[in-house]
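The values are calculated or read from the model by the stated rules, or taken from the named source; none is laboratory data. All values reported here derive from a predicted model rather than from experimental measurement. With ideal geometry, Cβ positions are generated from the backbone for all residues, glycine too; neighbour counts draw on all protein chains shown. These area figures cover heavy atoms from the full protein model, side chains too; ligands, DNA and RNA do not enter into them. Shrake-Rupley method; radii C 1.70, N 1.55, O 1.52, S 1.80 Å.
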Amino acid sequence: QLNSPTSAMLDASGGLIVSDMNNSVVRFVAATAGTNFGVTMSANDIYTIAGTTRGYSGDRRPALAAQLAWVNDAMEDPAGNLFVVDSGNDVIRFIPRTTGLYFGQSMLANSIYTIAGAGWSNNHFAGDGGSPLQAQFAWIISVAPDGAGGYYIDDAVGQRVRHVAALNSTSFAATTTYTY
């Protein structure tokens, strides 16, 4: 059962990615049978692809073992990598489709990584011009890849759109947070 689905998008294969906010998970409905996000699936059935119970844990582990809190959005980039808005923890999580170097971190396919946000705090806004991992937010509701290796973050309560820009489009070695 879904509990307050907050976003849905089709992936490149026609599968449906659903943010299941109150269950604190990301769900997927496969368009065809096969393996997606490390899970063997039948067509037209729904599967959890990230999250277990509400909390914050799991970085550098399989996404299915991670704890998330109030998932507001999940967005796939053109390479099939998944950005997850972990609103209750005020962070952006990332699940790479293939093993490689992303945002200056070596990452394993289908594992989850925090790529922005220092976690929930009373400050709600800090970190422009520095590492996205030190940035503080005030209830992130969506994320969008920018097409150049970075991404935009919609910080609703903070009333800001913030941008994490790759310093160069090939290495993703360093990023900086900016506010608009």
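A compact table of results
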{"quantity": "Every residue from region 44-73 that is farther than 20 Å from P5 by Cβ, open to solvent by 40 Å² or more (accessible area, probe 1.4 Å) and either without any contact (Cβ under 8 Å) to a residue 12 or more places away in the chain or assigned to a loop (DSSP other than H, G, I, E, B) (or both)", "calculated": "Y56, D59, R60"}
{"quantity": "Contacts under 7 angstrom Cβ, first residue in region 142-157 being on the phi > 0 side of the Ramachandran plot, partner open to solvent by less than 10 Å² (accessible area, probe 1.4 Å) and part of a strand (DSSP E or B), 6 or more apart", "calculated": "none"}
{"quantity": "Hits in region 123-140 (condition: more than 12 Å from R160 (Cβ to Cβ) and outside any loop (DSSP other than H, G, I, E, B))", "calculated": "P132, L133, Q134"}
{"quantity": "Members of region 90-108 found to be outside any strand (DSSP E or B) and touching a Phe, Trp or Tyr at 6+ places or on another chain (Cβ under 9 Å), listed by number", "calculated": "D90, P96, R97, F103, G104"}
{"quantity": "Inter-residue pairs, beta-carbon under 8 Å, first under 8 Å from D90 (Cβ atoms) and touching a residue at least 40 places away in the same chain (Cβ under 8 Å) and in region 119-137, second of a type in the set (S, T, N, Q) and open to solvent by 70 Å² or more (accessible area, probe 1.4 Å), 6+ apart", "calculated": "Q136/N123"}
{"quantity": "Of all residues in region 29-43 being part of a loop (DSSP other than H, G, I, E, B) and closer than 14 Å to I95 by Cβ, the one that is least open to solvent (accessible area, probe 1.4 Å)", "calculated": "F37"}
{"quantity": "Given (1) among the small types (G, A, S); (2) crowded, with 23+ Cβ neighbours inside 10 Å; (3) not in a strand (DSSP E or B), index of the condition A79 fails", "calculated": "(2)"}
